[in-house]
Amino acid sequence: MEKRDRYIRLLSTYMNPYRTSVVLLAALLLGGILLQLANPQILGGFVDSVVARAESSVLVRSGLIYLGIGLSAQLLGLASTYVSNDLAWKATNRLRQDLAGHCLSLDMSFLKKYTPGQFIERIDGDVEQLANFFSQFLVRIASSVLMLLGIVIVLSFTEWRLGLGLTGFVAVSLWALLHLQTAAVADSEREREVSSVFYGFIEERLMALDDIRANGGGHHVMSRFIDVLRSYTDICYRAWVKRSQIWLTSFSLFSVGQVLALVAGLMLYYAQSMTLGDIFMLINYMAMLFGPIEQLAHQLQDAQKAFASIGRIDEILGVQRQICDGKGVELAPGALSVEFQQVDFVYDDGEERVLKQVAFRLEPGTQLGLLGRTGSGKTTLSRLLFRFYDATTGSVRLGDTDVRDLKVRDLRSHIGLVTQEVQIFEASVRDNLRLFDESIPDVRLLEIISELGLQRWFESLPNGLDTLLGPQGHGLSAGEAQLLAFGRVFLKDPGLIVLDEPSASLDPATEHLIDVTMGRLLRNRTAIIIAHRLGTVQRVDEVLIMENGQVAEHGRRTELAADPASRFAHLLETGMEESFA
């Protein structure tokens with residue numbers, strides 16, 4: 001009952017805007033039913049006319065009427081197919097849009113639980129299973145029931161004993177189908193889940209293809225692929241077998257019904273209770289009877305898959321954000337101060353504190369070099385600034401305002417981020433720079449390119465802003481990708497910039513260009529530079545060293561470098577570059 005309620009809520013939410021199309025679809029299907037019910041009557045009359053040796057004009061007229069009704073029924077069926085598919089695409093695309101937007105709005109702690117492939121299967125695969133529901137489930141169910149009732153009523157007027165027997169047959173058939181309705185729901189849910197795992201596996205391996213090839217891991221990947229595929233196949237097969245019980249039941253009932261109808265018709269014919277035309281009509285109606293029964297069977301099969309998908313969709317839609325908008329304090333433009341006040345942090349899936357009583361302050365316009373070994377907490381600090389997560393205890397303040405008092409969108413608009421791995425989209429340079437924000441004019445993009453000193457790079461592009469870039473930055477060097485990232489940040493004009501060592505893996509010439517551009521980008525802004533090399537921090541004002549989630553040292557770079565007892569001076573003396581990798 002709960003799953004049906006969820007279905008009804010989803011159906012009403014996404015079908016209400018298309019009520020006119022639903023009514024039109026119902027009218028088309030009803031018209032088709034009436035025409036289909038009329039044709040066996042015409043056929044029966046035609047056969048009786050032949051037996052009675054009626055004039056040829058009567059036979060021709062009956063034939064033309066039969067053909068006209070059949071053609072009209074086909075045209076109505078074509079129209080209903082078009083309307084139902086159009087309705088399905090409109091409704092499911094709205095659901096996909098809402099589901100994708102909801103997923104993108106969720107907290108990082110939730111998004112990290114699934115691979116991109118699993119999300120794609122949830123957003124597209126599960127919604128696809130609902131296409132039939134949104135377009136035709138209720139209408140098809142109703143039309144099938146009406147068709148069954150129409151056949152029973154027509155045959156009851158022809159011969160009441162046939163109507164009575166057919167009523168019993170239809171009742172038994174519907175009881176059997178309804179009894180099997182939920183037989184495969186649990187297996188269908190497992191089928192959808194293993195499908196998302198399967199596509200997630202493929203997505204992960206494709207992303208790591210270079211490493212797999214370089215390290216000779218192809219054999220092991222294929223071995224694991226076979227294991228995953230075997231599990232996928234086994235679960236899908238079990239679900240298919242369970243769902244096929246409905247079709248096998250309906251086919252068996254139809255076969256029995258055809259035999260019984262033929263026997264009953266012959267008995268009534270020899271008893272002179274029915275004409276030969278009535279028998280032809282009876283056989284046609286029994287053949288038609290299989291249509292709505294089969295339709296009900298298919299709809300109920302689809303219902304089992306849809307109920308599984310509805311549960312998974314409802315599960316995601318039911319997840320609520322923990323990172324919510326604050327009361328809406330507005331930050332002043334310009335460089336911003338940064339302050340951590342006795343911050344502790346524990347990830348949701350862990351017990352150990354990643355940050356322990358972290359406390360420091362950066363004045364507006366200060367550039368901080370953040371050093372520390374892998375796992376020391378450097379990246380976690382930046383995640384708390386962006387509110388990808390909230391501090392477990394203590395507070396993070398930006399511009400002397402607790403970040404939890406800001407609206408999330410406003411907070412992130414005041415912070416720019418450049419990482420080593422820049423995400424490049426399969427789109428034009430224009431859209432990669434402005435991140436598909438069509439409100440930003442080309443004139444502004446060209447100003448940014450000139451202001452950052454990227455004119456030479458821009459002039460090398462074959463089609464300027466219209467130059468198309470390949471997926472994952474195919475055709476761009478690492479340095480060019482970093483230049484695009486700088487342009488994106490410059491367009492935001494943030495008061496704080498976080499840089500994750502953008503020049504760590506570049507050649508000297510490109511690194512020099514990046515350094516020059518970086519200098520322009522950081523001018524009159526507060527900056528946190530997560531450093532992997534000591535050379536990077538030579539430009540900063542302050543240095544902060546993290547160890548085991550704690551602030552081990554923080555001070556002015558020049559003062560720390562001059563103090564032989566400081567950790568920073570020791571690192572400079574020994575050149576321990578690998579300490580920050």
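Just to be sure I understand, how many residues within the stretch 355-383 are surrounded by fewer than 22 Cβ atoms within 10 Å (Cβ to Cβ) and not basic (Lys, Arg)?
Qualifying residue count for the region: 13.
Select the helices (runs of 4 or more DSSP H) contained entirely in the stretch 121-213, then report the ones holding at least 1 residues which are under 30 Å from Cys103 (Cβ atoms) and at pLDDT 75 or above.
So the answer is 185-207.
Looking for whichever is closer than 30 Å to Ala26 by Cα and touching a Pro at 6+ places or on another chain (Cβ under 8 Å) here; the options are Ser144, Ser80. Which one fits?
Being closer than 30 Å to Ala26 by Cα and touching a Pro at 6+ places or on another chain (Cβ under 8 Å) holds for just one of Ser144, Ser80, which is Ser144.
Determine whether the stretch 359-378 contains at least one residue that is part of a helix (DSSP H, G or I), modelled with pLDDT of 85 or more and touching a Leu at 6+ places or on another chain (Cβ under 6 Å).
yes
Going through Val396, Val403 one at a time, which residue ends up being under 15 Å from Asp325 (Cβ atoms), modelled with pLDDT of 90 or more and not charged (D, E, K, R)?
So the residue among Val396, Val403 that is under 15 Å from Asp325 (Cβ atoms), modelled with pLDDT of 90 or more and not charged (D, E, K, R) is Val403.
Just the residues that are of a type outside the set (Lys, Arg) and surrounded by 14 or more Cβ atoms within 10 Å (Cβ to Cβ), please, taken from the stretch 549-562.
Listed by number, the residues that qualify are Gly549, Gln550, Val551, Ala552, Glu553, His554, Gly555, Leu560, Ala561.
In the stretch 34-48, what residues are farther than 15 Å from Gly291 by Cβ and touching a residue at least 60 places away in the same chain (Cβ under 8 Å)?
Gln41, Leu43, Gly44, Gly45, Phe46, Val47, Asp48
Out of the residues in the stretch 438-456 that are in contact (Cβ under 8 Å) with a residue 40 or more places away in the chain and more than 19 Å from Gly519 (Cβ to Cβ), state the one that is nearest to the chain's Cα centre (by Cα).
If we take residues in the stretch 438-456 being in contact (Cβ under 8 Å) with a residue 40 or more places away in the chain and more than 19 Å from Gly519 (Cβ to Cβ), then Ile440 is nearest to the chain's Cα centre (by Cα).
Which of (1) crowded, with 18+ Cβ neighbours inside 10 Å; (2) more than 27 Å from Leu289 (Cα to Cα) is the odd one out, the single condition Leu162 does not satisfy?
Looking at each condition in turn, Leu162 falls short on (2).
Cβ-Cβ under 7 Å, sequence separation 6+ or interchain: first residue in the stretch 484-499 and closer than 24 Å to Ser428 by Cα and touching a residue at least 12 places away in the same chain (Cβ under 8 Å), partner of a type in the set (Ser, Thr, Tyr) and surrounded by 20 or more Cβ atoms within 10 Å (Cβ to Cβ). Which pairs?
Going by the 7 Å Cβ cut-off, the qualifying pairs are Phe486/Thr517.
Just one of (1) closer than 30 Å to Val241 by Cα; (2) over 34 Å from the mean Cα position of the chain (by Cα) trips up Met267, so point out which.
(1)
The values are calculated or read from the model by the stated rules, or taken from the named source; none is laboratory data. Model, not experiment: these values are computed from the prediction. Cβ coordinates were reconstructed from backbone atoms using ideal geometry, including for glycine residues, and neighbour counts include every protein chain displayed.
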